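What follows is a set of notes on a single structure, which appears directly below.
The values are calculated or read from the model by the stated rules, or taken from the named source; none is laboratory data. Nothing here was measured: the structure is a model prediction, and the numbers come from that model. Reconstructed Cβ throughout: ideal geometry from the backbone, glycine too, with neighbour counts over all protein chains shown. For the accessible areas, the whole protein counts, side chains as well, though only heavy atoms, and no ligand, DNA or RNA atoms are used. Shrake-Rupley method; radii C 1.70, N 1.55, O 1.52, S 1.80 Å.
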Amino acid sequence: MLTYSTPLIGGLIIGIAASAMLYFIGRIAGISGIVWSAISARADNSWRWLFISGLLAGPILYHALFNAPYPAASDLPWWQAAAGGLLVGIGTKLGSGCTSGHAVCGLGRLSLRSLLATVTFMTSGMVTVYVIRHLLGGL
Amino acid sequence: MKPLVALLCGIIFGFGLAISGMTDTAKVLGFLDPFGHWVPDLAFTMSGAVFVTIISFRFILRRQSPVLVEDFNLPDNKSIDMRLLAGAAIFGVGWGVYGYCPGPAISALAYLDGKALVFVIAMVTGMAFTNTLSQT
């Protein structure tokens, strides 16, 4: 059970961060939306860039404080990183959200839209991994 | 105050992603592989996060306004349409192809991993492409 304590604690911490965003600045911590607005130069953008900077600083803080090694770099090919990123960008823009916006925050708001989006991307993610690993033999 | 709070929220969020192991593509892909060697970590992370928001958001949204700004700024689109479902489906495929969703991909830039950078550049390109298409 102890194996899963850090994933659970991490989840609670993520929930606290999303709650603080809503409580203090009235915003949904939806990362795909924040990234898109930040690069498309909306007005009043400094908070978005600072949030994004924090997303990078948080892991550095964690690995330094707990003396934890960085995760092993992925051994998947470069093209798979590019293809994955491209599809994630297209899908989150079209579907108005990702894991943080739809799952963490949307489910918190009891949004039916977000529930359906979450079930859909979880399912298509699992189907994709099944096809790549078990039908195509890992590409 | 608002930018400072956003920075702190980002740090806490990124800290949570790192401690939970979500910046590790192997763990994420392991979660998405229930018919192989399943790694359930992400289920605990997702449950923990939603457990907190489902309780806290009820209380927060009862307020007239947030603490530091005048109004809540919430998505008001309620329509269940093809755009939503197709978008979510495409996002899931990309997630399963490499193992990052947007948050962990941004956080993983801190590891100075070249592939994370490629992923993020491709992701932003995909967003811009979709934005251009949907405006025409």
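Against the list (1) out of contact with any helix residue (DSSP H, G or I) (no Cβ under 7 Å at 6 or more places or on another chain); (2) among the small types (G, A, S); (3) at the interface with chain A (Cβ under 7 Å from one of its Cβ atoms), the condition B:G114 fails is (3). So which residues in region B:13-40 are crowded, with 23+ Cβ neighbours inside 10 Å and in a helix (DSSP H, G or I), if there are any at all? Listed by number, the residues that qualify are B:F13, B:G14, B:F15, B:G16, B:L17, B:A18, B:I19, B:S20, B:T25, B:V28, B:L29, B:F31.
For region A:84-92, the condition holds for no residue, the condition being that it is in contact (Cβ under 8 Å) with a residue 24 or more places away in the chain, surrounded by 17 or more Cβ atoms within 10 Å (Cβ to Cβ), touching a Phe, Trp or Tyr at 6+ places or on another chain (Cβ under 9 Å) and under 19 Å from B:L7 (Cβ atoms). Of the residues in region A:110-139, how many are over 28 Å from B:L133 (Cα atoms), touching a residue at least 24 places away in the same chain (Cβ under 8 Å) and facing chain B (nearest Cβ under 7 Å)? Qualifying residue count for the region: 0. Of all residues in region A:38-63, those that are within 7 Å of another protein chain (Cβ to nearest Cβ) have Cβ atoms under 9 Å from Cβ atoms of residues that are assigned to a loop (DSSP other than H, G, I, E, B) and open to solvent by less than 10 Å² (accessible area, probe 1.4 Å), 6 or more apart or on another chain, in A:F51/A:A29; A:P59/B:T23. Considering A:A83, A:A18, A:A103, the condition of being small (G, A, S) and more than 16 Å from the chain's Cα centre (by Cα) is satisfied by A:A83 alone. The set of residues from region A:21-37 being facing chain B (nearest Cβ under 8 Å) and hydrophobic (A, V, I, L, M, F, W, C) comprises A:M21, A:L22, A:F24, A:I25, A:I28, A:A29, A:I31, A:V35, A:W36. Exactly one residue among A:Y70, A:Y23 is of a type outside the set (A, V, I, L, M, F, W, C), under 23 Å from B:F59 (Cβ atoms) and open to solvent by 60 Å² or more (accessible area, probe 1.4 Å), and that residue is A:Y23. Just one of the listed residues (B:A86, B:A128) is of a type in the set (A, V, I, L, M, F, W, C), touching a helix residue (DSSP H, G or I) at 6+ places or on another chain (Cβ under 7 Å) and modelled with pLDDT of 95 or more, and it is B:A86. Kindly indicate whether any position in region B:113-128 is more than 23 Å from A:T6 (Cα to Cα), assigned to a loop (DSSP other than H, G, I, E, B) and open to solvent by 50 Å² or more (accessible area, probe 1.4 Å). Scanning region B:113-128, I find no residue that is more than 23 Å from A:T6 (Cα to Cα), assigned to a loop (DSSP other than H, G, I, E, B) and open to solvent by 50 Å² or more (accessible area, probe 1.4 Å), so the answer is no. When we screen A:I9, A:I13 for residues that are assigned to a helix (DSSP H, G or I) and surrounded by 24 or more Cβ atoms within 10 Å (Cβ to Cβ), the only hit is A:I13.
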